[in-house]
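In what follows, a single structure is set out as structure tokens and then discussed.
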Amino acid sequence: MSEPLVMACLSDVAGLVRGKGFALADLDKRCRSGIGWTPTNVQITCFDGIAPSPFGSEGDVILWPDADALFEADIPGAPTLRMVLGDVTDRTGAAWTCCLRSHLRAAIERLEAASGLEARIAFEHEFMLIGQGAGPAFSLSGFYGVQDFSQALIAALKNAGMEPDSLLREYGPSQFEVTLAPKPALRAADEAIALREITRAVASSFGYRASFAPILDADSVGNGVHVHLSLWDRQGQPRMFDPDGIAGLSQEAGAAAAGILRHMPDFAALSAPSAVSFIRLQPHRWSAAFANLAIQDREAGLRICPVNTTDPDRVAQQYHYEYRAADAAASPWLLLASLLHAAASGVEESLTCPSPSSGDLSLLSEDELAATGISPLPRTPEAALERLESSQVLSGWFPDGFIQIYIDHKRHEFAASQVQSPEEAMQSYASIY
Ligand code: GLU
Ligand code: MG
């Protein structure tokens, strides 16, 4: 009988899951003693290059496995996948500058302090299932053709403690989409991290390859990560809906939306962080190209989602919006940290929610767009990084020095992909994510 192992992991700046393994039997002990981690690992890019690091070869930090974030999934014909996520501290026990899970905790606390509300998040992930003929989009034949895989995936996610909501054969070639039930933000992010790993493992056990990369072919559609957000009070009551509010949003939800919209162009580099992410984030891709709020429009940066009832109580339970300018190259911890800081800033300043836009914003001239007050999202990864770099507000959301480390990381990654053609770069990302 072989010894079961578990890996203590973090989701890093590259959006990859890295860590160290040990015997499962030692998990309790390791939760108390921690695992040594190397500060410069934060600068290992998705291509395994090492970006300039302020830490060099020096120093040690500690990764603390969180037993509540243990995911164990049975993978057909393969070993059980076991991962336990955790926070990273310095040697005094203080949250480490580059601990993305701590960044999310801080954003959750800020939103709670500003509004008294808790964000619940549902992650919707698109991915390409490479290596099988998936049949036409949304077709039963496409769905049935991989039903063994789909059933094994849903079983593995449930087995790992998640609540999958649905799985569908999406529009793009061999594209599928899996959605999880809403959870408090930290749990939702942990689950999103595990979901990608479990999906890839189940796919490979069936001889396929699942790729969550933002886009694999510029002539086709991308893989979005759509983040559904709702706000709830301490009594567990929904606080999103007000029939008299702008776009049907409560004061807090409207202010949070205004904060998200105000900062979206600045934090796009954190939510859509790869060198190919902005091939996806262009008009007419049903992704997101503007920092706009719109009702049931799949091109909106922030989309008010539909409800399926007219009963006022049930409308209130269901009402929410969806942030669409994210992809799976982003660590879910950092993505949600950005989103919740932006939302909290809107609540703190009691910002007024802008009226929802309608129509195709890409048809407006620069002046016409400026008159709407809506900003376009950056159109290139470099432009997104420049927006991030020039935002003092964004730097203030994170511990001193973190944003500069992030920017150095991404510049190094982009330099490596710039020696490739766009097609080669998309293929490189497809093989990693
Ligand atoms: N594939 C689109 C994206 O990149 C989303 C399509 C949809 O589900 O609305 O975000
Ligand atoms: Mg979709």
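Read the figures in this text as sums done on the coordinates, not as results from a lab. Because the structure is predicted, anything quoted here is derived from the model rather than measured. All Cβ positions, glycine included, derive from the backbone under ideal geometry; neighbour counts span all protein chains shown.
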Quiz item: Based on the alpha-carbon gyration tensor of region 190-299 and its eigenvalue square roots a ≥ b ≥ c, which shape applies: rounded if a/c is under 1.5, prolate if not and a/b is larger than b/c, or oblate?
Solution: oblate
Quiz item: Using helices alone, what [θ] at 222 nm do you get for the chain, with -39,500 (n - 2.57) per DSSP H run of 4 or more residues, divided over all residues and rounded to the nearest 500?
Solution: -11500 deg cm²/dmol
Self-check item: Thr45, Thr80 arranged by Cβ crowding within 10 Å, fewest neighbours leading
Solution: Thr80, Thr45
Exercise. Give the calculated FRET efficiency between Glu58 and Thr309 to the nearest 0.05, with a Förster radius of 45 Å applied to their Cβ-Cβ distance.
Key: 0.15
Quiz item: Mind checking the log10 I(q)/I(0) for the chain at q = 0.07, 0.08, 0.10 Å⁻¹? Debye, one equal scatterer per Cα, no solvent, two decimals.
Solution: -0.32, -0.42, -0.68
Self-check item: Dipole of the chain, positive end: most advanced residue of Ile405, Leu24, Leu249 [Cβ charges, Cα centre]
Solution: Leu24
Exercise. Springs between alpha-carbon atoms under 10 Å, Gaussian network over the chain: tell me which of Tyr321, Tyr208, Tyr406 tops the mean-square fluctuations.
Key: Tyr208
Quiz item: For the pair Ala383 and Gln420, how long in nm is the line joining their label points, each one 7 Å along Cα→Cβ?
Solution: 2.3
Quiz item: Length gain on complete extension for the stretch Glu349 to Ser431, per 0.36 nm per residue less the alpha carbon to alpha carbon distance?
Solution: 25.2 nm
Self-check item: Alpha-carbon centroid distance for the pair region 24-101 / region 210-278, whole angstrom
Solution: 27
Quiz item: How big is the charge dipole of region 184-229 about its Cα centre, in debye rounded to the nearest 20, if each Lys and Arg gets +1 on its Cβ and each Asp and Glu gets -1 on its Cβ?
Solution: 120
Quiz prompt | Shape call, region 28-115: gyration tensor on alpha carbons, a/c limit 1.5 | solution = oblate
Practice problem: May I have the extent of the alpha carbons of region 86-177 along their three principal axes, as whole Å values ordered from largest to smallest? | Solution: 55, 32, 25
Quiz item: Based on the Cα gyration tensor of region 283-344, what are the three equivalent ellipsoid semi-axes, each the root of five times an eigenvalue, rounded to whole Å and given largest first?
Solution: 23, 16, 10
Self-check item: GNM result for the chain, Cα springs below 10 Å: residue of His284, His341, His226 fluctuating most strongly
Solution: His284
Self-check item: Whole-number Å³ per residue for the convex hull built on Cα positions in region 259-316
Solution: 99
Quiz item: For Met240, Met426, what ranking results if the residue with the fewest other Cβ atoms within 10 Å of its Cβ goes first?
Solution: Met426, Met240
Exercise. Determine by what factor the alpha-carbon radius of gyration of region 255-362 differs from 2.2 N^0.38 Å, reporting the quotient.
Key: 1.08
Quiz item: So which residue, out of Ala152, Ala257, Ala343, gets the largest mean-square fluctuation from a GNM of the chain using Cα contacts under 10 Å as springs?
Solution: Ala152
Practice problem: Putting +1 on Lys and Arg Cβ atoms and -1 on Asp and Glu Cβ atoms, find which of Phe290, Phe206, Leu351 reaches farthest to the positive end of the dipole of the chain. | Solution: Phe206
